[in-house]
Amino acid sequence: MIVAERKPLDEIEAMLASAERVLVVGCGTCVAVCMAGGEKEVELLASELRMRAQASGQRRRIDQVTLTRQCDREYLDALAAYVEEYDVLLSTACGAGVQLLAERFDGKLILPALNTRFIGTAEGPGVWSQRCLACGQCLLHLTGGVCPVTRCPKNLLNGPCGGTNHGKCEVNPENDCAWTLIYRRLEKLGRLDLLDAIQPPKDYRPMTKPARLVHPAFQTESAPPTK
Amino acid sequence: MVRLFRDVLQEKDFVVTAEIGPPKGTDVSRLVHHIELLRDRVDALNVTDNQSSVMRVSSLAACRLIVEHGGEPILQLTCRDRNRLALQSELLSAWVLGVRNVLCLTGDYVTVGDHPEAKPVFDLDSVQLLQTVQYLNQGRDLAGNNLEGATDFLAGSVVTPEADPLEPQLVKFAKKVRAGARFFQTQAVYDLDRFRRFMEQARRLLAQNQMGPVKILAGIVLLTSAKMARYMNEHVPGIMVPESLIEQLTGAEKGKALQVGIQIAGRLIRQIQQERLCDGVHIMAIGKEERVPDILAEAGLA
């Protein structure tokens, strides 16, 4: 899932500037799971902002709503009826959700309350770590299910650098060395032969931004199949 | 007239290279002084590439200065700051400017350096960079396009004999050889028993895979103080200075630790040569290039 964290309150307040009517818009999907922008967090953020406004004597009305999903147009329509009552919409979605909100309500100033961090997995309660870079060319079948593109800071495809340190990464000693993990996994699987071939330079074309994807079932003449 | 490093590697029993670092800024007087000091004392001079991710004069410019001053340079080229276009362009430029040897490295990560906010590149890895050198040597680029005039580089790389765990390091070592590395300059070695074991494994690997002649030069990093040795043990992966050497540095008279470090380096080199542990040494006197002749004298190589 997409993992995000809330921006510091000071930064959010500075973005709001002189806005008097603020709607905090939450998202019930990834950012709810990672406790950054779901219903609970939206409630908390809204009340923190209210308290701050009150303390500084600022006239500010802050309401809140949490949508099922902000990255899907159909869930945004529900907002249309009352968006006009607000000066700004403060979104606690990931960057994708914020942008769709801005696209749907193009006459409104949309502000991001989160920093979107990565695609990752939950390690345990309250801890997530990055696992996928969405490179568009998965090679996990060659690396024992451990992604060197994501988990090695240097994207190394042919083995560890000299900074591998007792199984840890020199860039951040809290992280495991991806190549030590890969080696150990393949060793356990009896598939060290997978490391024999020299991996060619990665094709970065699938990562050309902005990417777009049309499901084969939805391809029409106006949207030719991607090669 | 200095000899081509390629010839030296083939003909000489014991090869000695040394590392010099370009300046941060445009004053190259110290660099030129080091080139003149070392040019005839060692077989080739490595020039670091924004070493430790600290921005400096490029390796290529300093290598050209070595050529102009009658020395034999080894261009160090890392994957950190350049994508495949820039790397190939740098290699062609190096060839045009008279550089004949290249050491292919991954490079330190950007956050350890003086521009930690920079975008790290790492488009290729060191194995792929070695392959790229081979393509250019064959007259084509990485995309398969023909070149007007090929290069004929001697390519080398690095290996960390004390890497823990060692097995993945050896996998990469073998790939580097297959990708065209003809010489290796190792990370610093201090414990020669451990280095001997590494060399046995490396030689077995080369023989098993029937890989061509590959020369290995042991990395000798000059110890300047007990503090520096301890710092490396704690902070530099793959470097293990044994406690006995640290004690020698600690026991040195005030102001004499560097002298002891020079003696240690000389002794290591002498022993490596006498026992024929490998094909030579690569001296890294980081910031103390001035003292390389003293190390060579201690080693009996002056």
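Derivation of every value follows stated rules applied to the coordinates shown; laboratory data play no part. These figures come from a predicted structure and were not determined experimentally. For neighbour counting, all protein chains shown are included, and Cβ atoms are generated from backbone atoms with ideal geometry for every residue, glycine included.
For B:ASP193, indicate whether it is among the charged types (D, E, K, R) and farther than 26 Å from A:LEU195 by Cβ.
yes
What are the residues in segment A:28-64 that are touching a Ser or Thr at 6+ places or on another chain (Cβ under 9 Å), under 22 Å from A:ALA96 (Cβ atoms) and part of a loop (DSSP other than H, G, I, E, B), if any?
Across segment A:28-64, the qualifying residues are A:GLY28, A:THR29, A:ALA36, A:GLY37, A:GLY38.
Residues being more than 7 Å from every other protein chain (Cβ to nearest Cβ) and either within 15 Å of the chain's Cα centre (by Cα) or polar (S, T, N, Q) (or both): count how many of those fall in segment B:154-172.
Number satisfying all stated conditions: 6.
How many of the residues making up segment B:44-92 are surrounded by 20 or more Cβ atoms within 10 Å (Cβ to Cβ), within 14 Å of chain A (Cβ to nearest Cβ) and hydrophobic (A, V, I, L, M, F, W, C)?
Of the residues in segment B:44-92, 2 are surrounded by 20 or more Cβ atoms within 10 Å (Cβ to Cβ), within 14 Å of chain A (Cβ to nearest Cβ) and hydrophobic (A, V, I, L, M, F, W, C).
Could you tell me which of the residues A:LEU142, A:LEU114, A:LEU109 is in contact with a helix residue (DSSP H, G or I) (Cβ under 9 Å, 6 or more places away or on another chain), under 20 Å from A:GLU39 (Cβ atoms) and of a type outside the set (S, T, N, Q)? Show your work before the answer.
Working: A:LEU142 fails: under 20 Å from A:GLU39 (Cβ atoms); A:LEU109 fails: under 20 Å from A:GLU39 (Cβ atoms).
Only one candidate qualifies: A:LEU114.
Among the residues of segment B:24-32, is there at least one that is surrounded by fewer than 19 Cβ atoms within 10 Å (Cβ to Cβ), among the β-branched types (Val, Ile, Thr) and in a helix (DSSP H, G or I)? Spell out how you get there, then give the answer.
At the first step, the residues of segment B:24-32 found to be surrounded by fewer than 19 Cβ atoms within 10 Å (Cβ to Cβ) are B:24-30, B:32.
Right, trim to among the β-branched types (Val, Ile, Thr) and you get B:26, B:28, B:32.
Still in the list and also in a helix (DSSP H, G or I): B:32.
Yes, some residue in segment B:24-32 is surrounded by fewer than 19 Cβ atoms within 10 Å (Cβ to Cβ), among the β-branched types (Val, Ile, Thr) and in a helix (DSSP H, G or I).
Please work out if A:ARG117 is under 16 Å from the mean Cα position of the chain (by Cα), more than 14 Å from chain B (Cβ to nearest Cβ) and without any contact (Cβ under 8 Å) to a residue 40 or more places away in the chain.
Taking the combined requirement at face value, the residue does not satisfy it.
Among the residues of segment A:57-87, which ones are over 13 Å from A:VAL24 (Cα atoms) and out of contact with any helix residue (DSSP H, G or I) (no Cβ under 9 Å at 6 or more places or on another chain)?
Result: A:GLY57, A:GLU74, A:TYR75, A:ALA78, A:ALA81, A:GLU84.
Looking only at segment B:130-142, decide whether some residue is within 17 Å of B:SER53 (Cβ to Cβ), among the polar types (S, T, N, Q) and either away from every other protein chain (no Cβ under 12 Å) or in contact with a Leu (Cβ under 9 Å, 6 or more places away or on another chain) (or both).
Checking segment B:130-142: not a single residue is within 17 Å of B:SER53 (Cβ to Cβ), among the polar types (S, T, N, Q) and either away from every other protein chain (no Cβ under 12 Å) or in contact with a Leu (Cβ under 9 Å, 6 or more places away or on another chain) (or both).
Taking into account only those residues within segment B:173-184 that are buried (at least 24 other Cβ atoms within 10 Å of the Cβ) and either of a type in the set (Lys, Arg) or at positive phi (or both), which is farthest from the other protein chains (Cβ to nearest Cβ)?
Checking each candidate, the answer is B:LYS176.
A:PRO153 versus (1) under 27 Å from the mean Cα position of the chain (by Cα); (2) away from chain B (no Cβ under 14 Å): which is the lone unmet condition?
(2)
Hey, can you tell me all the residues within segment A:85-139 that are part of a loop (DSSP other than H, G, I, E, B) and surrounded by 15 or more Cβ atoms within 10 Å (Cβ to Cβ)? Break it down stepwise before answering.
Residues of segment A:85-139 part of a loop (DSSP other than H, G, I, E, B): A:86-87, A:92-94, A:105-108, A:113, A:125-126, A:133-139.
Selection gives A:TYR86, A:ASP87, A:THR92, A:ALA93, A:CYS94, A:PHE105, A:LYS108, A:ALA113, A:CYS135.
Within segment B:221-241, can you find the residues that are within 22 Å of B:ASP294 (Cβ to Cβ) and assigned to a helix (DSSP H, G or I)?
Result: B:ALA226, B:LYS227, B:MET228, B:ALA229, B:MET232.
Run down B:ALA202, B:ALA207, B:ALA218 and say which single residue is part of a helix (DSSP H, G or I), in contact with a Pro (Cβ under 9 Å, 6 or more places away or on another chain) and hydrophobic (A, V, I, L, M, F, W, C).
Only one candidate passes the filter, namely B:ALA202.
In a helix (DSSP H, G or I) and either at positive phi or crowded, with 20+ Cβ neighbours inside 10 Å (or both): is that true of B:GLN10 in this structure? Can you show your working first?
Numbers: in a helix (DSSP H, G or I): yes; either at positive phi or crowded, with 20+ Cβ neighbours inside 10 Å (or both): no.
In short, no.
Just give me the residues in segment A:160-201 being basic (Lys, Arg) and either buried (at least 21 other Cβ atoms within 10 Å of the Cβ) or at the interface with chain B (Cβ under 7 Å from one of its Cβ atoms) (or both), in sequence order.
Correct list: empty.
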